[in-house]
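Visitor: My questions all concern the structure below.
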Amino acid sequence: MEETQETKRNEHKMEQMEREDANHERSSSSSSSYHNFKIPVDSEHKATEFWLFSITPPHMRSFHLSWFSFFTCFVSTFAAPPLLPIIRDNLNLTTTDIANAGIASVSGAVFARLAMGSACDLVGPRLASASLILLTTPAVFCTAIINSPSMYLIVRFFTGFSLASFVSTQFWMSSMFSAPKVGVANGIAGGWGNLGGGATQLLMPLLYSLVRHIGSTNFTAWRITFFIPGVIQTFSAIAVLAFGQDLPDGNFSSLKKSGEKVKDGFGSVFQHGVENYRGWILGLTYGYCFGVELTIDNIIAEYFYDRFDLNLKTAGLIAASFGLANIISRPGGGWLSDKLAAKYGMRGRLWGLWVVQTIGGLLCVLLGRMNSLTLSVIVMILFSFFCQAACGLTFGVVPFISRRSLGLISGMTGGGGNVGAVVTQLLFFKSSKYSKETGITLMGVMILCCTLPIMLIYFPQWGGMFCGPSTKENATEEAYYSSEWSSKEKEKGFHLASLKFAINSKNERGKRKNSLPTFPVDGIPTPV
């Protein structure tokens, strides 16, 4: 009897939501956020198409704001490595000083990314992202006045906090784009943001040369150069605040005031995030695709400069090619994830991630064994494609781990990337125990080993790499996402947004035949 009453209550709430949505869509009020989407949307008002060269609000405008703001953070964080040959002479930096600063630049973002994930869940990606970017810009400007190795480490540490804007970027895209397009949206936004790591390898030496040409001395020119990324980063944050929007229907604050969005608590968000083992596995594996990318950004220019006796511009150009590959490699990974999901479902996404990241590990091993400049450049470029594509494939899976704790899961995964970078640099590049080429080879071995746990990820409703979906009646999308809500919360209808997401995520079944019918948590089957 109780189950029947709960069923009727859920059905009534779903019907009420549908009527409200229909009324909103028919509304002619210009203040309504539920109508006049120029881009096709689903029942959650997430875009079902991806118009790359459009700035249509709110979906595509949010996309461009997110990737560009993240891009500026990457430029600022890695502005120092391409100028290291000059900076180290000016500040008398030792190899240990340089290694410690490189580690500091990515270690601070470990906890910042976890905090950013929770902030996105609670206040939205727009406010969380802009606040972080504005808080870290002073560190960029202060780089111009440092005069000791310790100050160099400090400014790199605090500038690196800005990399946590990656989490808000991925959260934002997962909130704006539907399941069939979330992989490519996350891939392009993250990839074009990471492009800053390559762009800064070109930008900083050019700006430095320009300032020197105007008449500045070597040790003054590099300091003046740092004002430019600081200014760009500041303006990107202002743009996010002025023109961004958290969700298709509005900002978090206004939606919570109107009752259209549940006011969730940190405790519940945190609990459901950390209890989901899939998030921890992706955090580990992401540490050896994105973490490796961060490590390469820190060492590659100096590596080519010293190993092959190149000049600063040439070493910077070669190093830039690694980061610049993000313009197509990470988006390509997201696109591949969506394509594999369209045919093979979630199992295709997982297989694609494992294969691509494993190939990247093999290429990393090979890179460390190259003695020829030409071969090293070729292998490095191939390695960059697979390493960065694996990042895109990772965030083709992340949005489906948890609906309620999406931000925290994104933060856990992103933070894992920074942990991987810290551990790798501590193990292989901090001291003179290993040469850089040996360190690169050992890093490749770590990639191969740390990619294996992907095989352990399993979704009852979709399966895993080696096992198909469960045959139990409650192994459905609705049951999986509704399990994050208590019975009391369900009575209040807090889980209804998760049910909508569950319905829209059924594409993750792929094209398999004889799929089970879908059963809501109240036990009543719904035809698919």
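The values are calculated or read from the model by the stated rules, or taken from the named source; none is laboratory data. Since the structure is predicted, the reported quantities are computational estimates derived from the model, not experimental observations. Don't worry about glycine lacking a Cβ; one is built from the backbone with ideal geometry, like all the others, and counts go over all protein chains shown. Calculation scope for accessible area: heavy atoms of the full protein, side chains included, ligands and nucleic acids excluded. Shrake-Rupley method; radii C 1.70, N 1.55, O 1.52, S 1.80 Å.
Visitor: When ranked by the protection proxy of mean other Cβ atoms within 10 Å per residue, highest first, what sequence do the peptides 476-483, 325-332 form? Don't skip to the end; give the middle numbers.
Guide: Numbers: 476-483: 22.2, 325-332: 25.0.
So the order, starting with the most tightly packed, is 325-332, 476-483.
Visitor: Which FRET efficiency value, to the nearest 0.05, do you get for Asp89 and Thr438 by plugging their Cβ-Cβ distance into 1/(1 + (r/R0)^6) with R0 = 30 Å?
Guide: After rounding to 0.05, the efficiency reads 0.70.
Visitor: Quick one: compute a quarter of the convex hull surface over the Cα atoms of the chain and quote it in nm². The partial results should precede the final answer.
Guide: Working: hull surface 96.0 nm².
Approximately 24.0 nm², given one-decimal rounding.
Visitor: Using alpha carbons only, how many degrees (0 to 90, rounded to 10) separate the axis of helix 406-428 from the longest principal axis of the chain?
Guide: 30
Visitor: By per-residue mean of other Cβ atoms within 10 Å, what is the highest-first order of 93-105, 292-304?
Guide: Details: 93-105: 20.3, 292-304: 25.8.
Top to bottom by mean Cβ count within 10 Å: 292-304, 93-105.
Visitor: Consider a paramagnetic label point 7 Å from the Cα of Glu489 along Cα→Cβ; state which residues of the stretch 369-411 have an amide N under 14 Å from it.
Guide: What the label zone holds, given the 14 Å backbone N cut-off, is 402-409.
Visitor: Then there is this: Would you mind getting the accessible area per residue of the stretch 119-186, heavy atoms of the protein chains only, 1.4 Å probe, in Å²?
Guide: Numbers: 1900 Å² over 68 residues.
Computed with neighbouring chains in place, this is 28 Å² per residue.
Visitor: Among residues other than Glu49 whose Cβ falls under 11 Å from its Cβ, what is the net charge (Lys/Arg +1, Asp/Glu -1)? Each step should come with its number before you reach the end.
Guide: Values: positive: Lys38, Lys46, Lys181; negative: Asp42.
Local charge sum for Glu49: +2.
Visitor: Moving on. Starting with the highest mean, order 132-145, 179-192 by the number of other Cβ atoms within 10 Å, averaged over the residues of each peptide.
Guide: In decreasing order of mean packing, 132-145, 179-192 become 179-192, 132-145.
Visitor: Here is a further query. Taking the Cβ of Ile454 as the centre, find all other residues whose Cβ is under 12 Å away and add up their charges (Lys, Arg: +1; Asp, Glu: -1). Don't skip to the end; give the middle numbers.
Guide: Details: positive: Arg278, Arg347, Arg349; negative: none.
Value of the local net charge: +3.
Visitor: Under a 1.4 angstrom probe, counting protein chains only, how are Glu44, Glu508, Glu260 ranked by accessible area, largest first? Mind dumping the intermediate values first?
Guide: Values: Glu44 25, Glu508 5, Glu260 90 Å².
Largest accessible area first, the list is Glu260, Glu44, Glu508.
Visitor: Full extension from Leu382 to Lys313: what is 0.36 nm times the residue separation minus their Cα-Cα distance, to one decimal in nm? Provide the component values of the computation, followed by the final result.
Guide: Numbers: separation 69, 0.36 × 69 = 24.84 nm, distance 2.17 nm.
So the extension gain works out to 22.7 nm.
Visitor: Distance check, please: which entries in Lys263/Lys492; Lys46/Lys500; Lys181/Lys490; Lys46/Lys506 exceed 19 angstrom between their Cα atoms?
Guide: On the way: Lys263/Lys492 12 Å; Lys46/Lys500 11 Å; Lys181/Lys490 29 Å; Lys46/Lys506 15 Å.
Lys181/Lys490, as the Cα separations exceed 19 Å there.
Visitor: By how many degrees, between 0 and 90 and to the nearest 10, does the Cα long axis of helix 2-26 differ from the longest principal axis of the chain?
Guide: Rounded to the nearest ten degrees, it is 70.
Visitor: For Lys38 paired with Val274, estimate the spin-label separation in nm (one decimal), with each label point 7 Å from Cα along the Cα-to-Cβ line.
Guide: 4.5
Visitor: For Thr471 and Ser254 in one chain, what is 0.36 nm times their gap in residues minus the Cα-Cα distance, to one decimal in nm? If you can, show how the numbers build up before the last one.
Guide: Working: separation 217, 0.36 × 217 = 78.12 nm, distance 4.21 nm.
Difference between extended and current length: 73.9 nm.
Visitor: Dividing the alpha-carbon radius of gyration of the stretch 305-410 by 2.2 N^0.38 Å (N being the number of residues), what value is obtained? Could you put the intermediate results ahead of the total?
Guide: Working: Rg = 16.6 Å, N = 106, 2.2 N^0.38 = 12.9 Å.
Compactness ratio reported: 1.28.
Visitor: Could you let me know the centre-to-centre spacing of the stretch 297-340 and the stretch 356-413, using Cα atoms, in angstrom?
Guide: After rounding, the separation between the Cα centres reads 12 Å.
Visitor: Where does the charge balance sit around Asn251 when Lys and Arg score +1, Asp and Glu -1, over other residues with C-beta under 13 Å from its C-beta?
Guide: Details: positive: Arg126, Lys256, Lys257, Lys261; negative: Asp246, Asp249, Glu260.
Surrounding charge for Asn251 is +1.
Visitor: Go ahead and run the numbers for FRET between Val231 and Lys263, Cβ-Cβ distance against an R0 of 56 Å, rounding to 0.05. Working shown, then result.
Guide: Details: r = 37 Å, r/R0 = 0.66.
Computed FRET efficiency for Val231 and Lys263: 0.90.
Visitor: Then there is this: Can you pull the three principal axis extents for the Cα set of the stretch 251-366, in Å, largest first?
Guide: 63, 35, 25
Visitor: Oh, and also: If each residue of separation counts as 0.36 nm, what is the full-extension length gain between Leu210 and Leu456 once their alpha-carbon separation is subtracted? Spell out each step's value before the answer.
Guide: Numbers: separation 246, 0.36 × 246 = 88.56 nm, distance 5.22 nm.
This chain segment gains 83.3 nm when fully extended.
Visitor: So, for the stretch 248-404, what is the accessible surface per residue at a probe of 1.4 Å, expressed in square angstrom? Provide the component values of the computation, followed by the final result.
Guide: Values: 5760 Å² over 157 residues.
That works out to 37 Å² for each residue.
Visitor: Can you send over the carbon and sulfur percentage of the accessible area for the chain, probe radius 1.4 Å, protein chains only? Mind showing how you got there, number by number?
Guide: Values: 13300 of 20990 Å².
Carbon plus sulfur share of accessible area: 63 percent.
Visitor: Could you give the angle, 0 to 90 degrees to the nearest 10, between helix 125-142's Cα long axis and the longest principal axis of the Cα atoms of the chain?
Guide: That works out to roughly 10 degrees.
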